[in-house]
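Just below is one structure, and these are the notes that go with it.
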Amino acid sequence: MKDTTFTPSPDQCKRLMIPDENASPCDNTLAAIGSGGVYSTPEDMGRWMQQFLSAAGHPRSPLAPDLQKMIYPRSSLLRVNGMDVAGRADAIGMGWLHMPAEGARPALLEKTGGGGGFMTYIAMSPEHNVGYLSWSPAPVPAILCR
């Protein structure tokens, strides 16, 4: 993932997508390691997602189940703030949120992010080998707030 970093180069900063509102300077985000602050490209994010899904020539990583394991069920949390950005989650683990299956919709693993005027959303159903990635200027589009 050549374009994923906490310390973008001048060349990477030149290629940075700049939002109309709430733009942040292209600077290092080392202080955010562990909770975010990652600069990336759609191509690199797709490469990162590939470890969780199988495709021709790219089998799912044997580490994927451990990386996506749910650690804390919602019922064990004393308080829930900011967990339901993209829908009501029933568990959390290593940044992934789990939304249980409902009707025809399969169980989903999801991850939201954002900063510098952008919002990102990743959802996948490893059981069905399907993933989705989007990024948009902040504020969050209303379609994702349902």
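The number of residues in the range 88-112 that are small (Gly, Ala, Ser), crowded, with 17+ Cβ neighbours inside 10 Å and out of contact with any Phe, Trp or Tyr (no Cβ under 8 Å at 6 or more places or on another chain) comes to 1.
If the condition is being over 16 Å from the mean Cα position of the chain (by Cα), closer than 17 Å to LEU67 by Cα and free of Cβ contacts under 8 Å to residues at least 24 places away in the same chain, then the range 108-140 contributes only GLU127.
Determine whether the range 69-85 contains at least one residue that is under 20 Å from THR120 (Cβ atoms), modelled with pLDDT of 85 or more and surrounded by 15 or more Cβ atoms within 10 Å (Cβ to Cβ). Walk me through it before giving the result.
Let us first name the residues in the range 69-85 that are under 20 Å from THR120 (Cβ atoms), namely 81-85.
If we keep only those that are modelled with pLDDT of 85 or more too, we end up with none.
Within the range 69-85, none of the residues are under 20 Å from THR120 (Cβ atoms), modelled with pLDDT of 85 or more and surrounded by 15 or more Cβ atoms within 10 Å (Cβ to Cβ).
Here the strands (runs of 3 or more DSSP E) wholly within the range 37-146 that include at least 2 residues being within 28 Å of ASN22 (Cβ to Cβ) are 96-99, 108-115, 118-125, 130-137.
Just to verify a result, which residue in the range 27-38, among those that are among the polar types (S, T, N, Q) and at pLDDT 85 or above, is surrounded by the most Cβ atoms within 10 Å (Cβ to Cβ)?
THR29
Yes/no matrix, rows are residues, columns are (1) in contact (Cβ under 8 Å) with a residue 24 or more places away in the chain; (2) surrounded by 13 or more Cβ atoms within 10 Å (Cβ to Cβ); (3) within 19 Å of the chain's Cα centre (by Cα):
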position: PRO8; (1), (2), (3): yes, yes, no
position: LEU16; (1), (2), (3): no, yes, yes
position: PRO25; (1), (2), (3): no, no, no
position: SER40; (1), (2), (3): yes, yes, yes
position: ARG47; (1), (2), (3): yes, yes, yes
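The values are calculated or read from the model by the stated rules, or taken from the named source; none is laboratory data. None of these values were measured; they are calculated from a predicted model. Cβ atoms come from the backbone with ideal geometry, glycine included; neighbour counts cover every protein chain shown.
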